[in-house]
Each structure stands twice: as structure tokens, then as C-alpha cells.
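Engineer: Sharing a structure below in C-alpha cells format, with a few things to ask.
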Amino acid sequence: MLNRLPVDVNPFKLVEQGRCLAGVVPLQQLPRLAALALDGTEDMAVTLDFTRSAGGRPMIKGHIRGKLLLECQRCMQPVTIDLDAPLQVALTTFESDERPEQEGLEAWLIEDERLFIQDFVEDEILLALPLVAKHEQCEPLRKLIEALPSDEPVTENEQEDVAASAKKNPFAVLKNWKKPE
């Protein structure tokens with residue numbers, strides 16, 4: 001069983017010591033992620049290796065693993081996302097004029113020589129999530145209504161849906177408006 005990670009650390013001291021932190025970040029400590037996740041989401045297993053890049057820059061290499069239960073944006077049913085996110089960021093300060101991008105690294109700004117582990121982990125998880133949570137194959141919650149006329153007959157329910165959406169659209173009255181000649 002992994003340990004819980006500290007709340008905040010001085011990452012530059014950990015780089016000098018060549019430390020590696022491994023532990024679990026409970027979902028309730030990640031409020032932005034918890035707002036997206038459904039019941040059944042696991043806590044996140046995190047490994048953070050405080051080291052130096054090939055160019056000598058202080059950096060964090062690591063991994064975040066866990067299972068997230070999100071809502072599929074097609075069928076609105078739960079979908080499991082297996083998160084296996086490698087991370088590799090260079091640590092920078094305001095005074096630093098180094099460019100981590102030259103080594104192909106993303107920069108992480110450190111203020112007051114403190115890194116809040118939960119914030120760091122949560123940001124990395126949110127960046128690793130798919131833009132849209134969805135099953136590989138599923139049916140949409142509601143059938144899509146085509147805007148262009150088709151040869152297929154329209155059912156009564158579809159006509160009601162179109163009429164309801166037209167009532168809600170304040171610009172629907174403009175469809176019959178013609179420009180004066």
C-alpha cells in the first residue's frame with residue numbers, strides 16, 4: 001500500500017537530494033477532479049522523481065495512475081477512464097531566465113519555493129483527461145435531428161422536438177424574413 005503524499009514540499013531541495021515520492025492522493029483532495037468524477041472513482045497513485053534534466057534543469061519526472069468514472073457525453077452513462085499519465089516538467093521561478101522549452105520540457109512555475117502536491121497532481125490529471133469522455137461505441141441519449149430535409153418520413157415525436165426547439169429559438173422567426181428588393 002502506498003503512503004499519502006505531503007501537502008507541500010520545497011522541490012528544489014528534493015532535486016538536490018535526488019528524492020522520489022510515491023503515494024496516494026485521495027479524490028476528495030482534488031476538488032476540480034471530484035466535481036467531474038462519479039462515485040466509484042479511485043484515489044490516484046502518484047510517483048514523483050525529483051531530478052535534473054540532461055541540460056541540468058531541476059525537473060519532476062513521474063507517473064499518475066488510477067481509474068476515473070466519468071459521464072459519457074454521448075449516452076450519459078458512466079464510462080471508465082484508465083488513467084496512466086506520464087509527466088515530465090521543468091521547475092522554474094520568476095527570476096529564472098532559462099528556457100525549459102529548449103529541452104522539450106513544459107515549465108512549472110514555483111513560487112516561494114513551495115510546490116503544493118495536490119494542486120500539481122490535479123493539474124496534471126486534468127491535462128491528461130480526454131477532451132470528451134465517451135465510450136468507444138454507444139448510442140446517443142437522444143436521436144440527432146438532421147437540419148437538412150431528407151427522404152425519410154419524420155415521426156410525430158421528431159416533429160414535436162423540432163417544433164419545441166423552434167419555439168425556444170428567438171431567431172426562428174427570421175427564417176421566413178426576406179430582404180426587400
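Engineer: For the residue pair Trp177 and Arg4, what label-to-label distance in nm results when each label sits 7 Å from Cα along the Cα-to-beta-carbon direction?
Structural biologist: According to this spin-label approximation, the distance is 6.0 nm.
Engineer: When ranked by the protection proxy of mean other Cβ atoms within 10 Å per residue, highest first, what sequence do the peptides 124-137, 106-119 form? Could you put the intermediate results ahead of the total?
Structural biologist: Numbers: 124-137: 13.1, 106-119: 14.7.
Ranked from most to least packed, the peptides come out as 106-119, 124-137.
Engineer: Can you give the alpha-carbon Rg of the range 1-126 over 2.2 N^0.38 Å, where N counts its residues? Before the final figure, lay out the partial values.
Structural biologist: Numbers: Rg = 15.8 Å, N = 126, 2.2 N^0.38 = 13.8 Å.
Scaled against compact globular proteins, the figure is 1.14.
Engineer: Still on this structure, please answer the following. As an exercise, use a Förster radius of 22 Å and the Cβ-Cβ distance of Gln88 and Phe12 to find the FRET efficiency, rounded to the nearest 0.05. Present the calculation step by step, with values, prior to reporting the outcome.
Structural biologist: Details: r = 17 Å, r/R0 = 0.78.
After rounding, the FRET efficiency stands at 0.80.
Engineer: Give the distance, in whole Å, between the Cα centre of the range 114-138 and the Cα centre of the range 45-68.
Structural biologist: 16
Engineer: Contour minus end-to-end for Arg99 and Cys20, with contour as 0.36 nm per residue of separation and end-to-end as the Cα-Cα distance? Before the final figure, lay out the partial values.
Structural biologist: On the way: separation 79, 0.36 × 79 = 28.44 nm, distance 2.43 nm.
Taking 0.36 nm per residue and subtracting the Cα distance, the gain is 26.0 nm.
Engineer: Now a separate question. Size of the dipole of the range 8-128 about the Cα centre, Lys and Arg at +1 and Asp and Glu at -1 on the beta carbon, nothing else charged, in debye to 20?
Structural biologist: On the way: 11 positive and 22 negative charges, 69 e Å.
Dipole size: approximately 340 debye.
Engineer: Hey, if you put +1 on the Cβ of every Lys and Arg and -1 on every Asp and Glu Cβ in the range 30-74, which of Thr47, Met59, Leu70 ends up farthest toward the positive end of that dipole?
Structural biologist: Of the options given, the answer is Met59.
Quick note: the coordinates plus some simple rules give every number you see, no bench work behind them. Just so it is clear, the structure is predicted and the values come from calculations on it, not from any experiment. Neighbour counts are summed over all protein chains in view; Cβ atoms, including those assigned to glycine, are modelled from backbone coordinates with ideal geometry.
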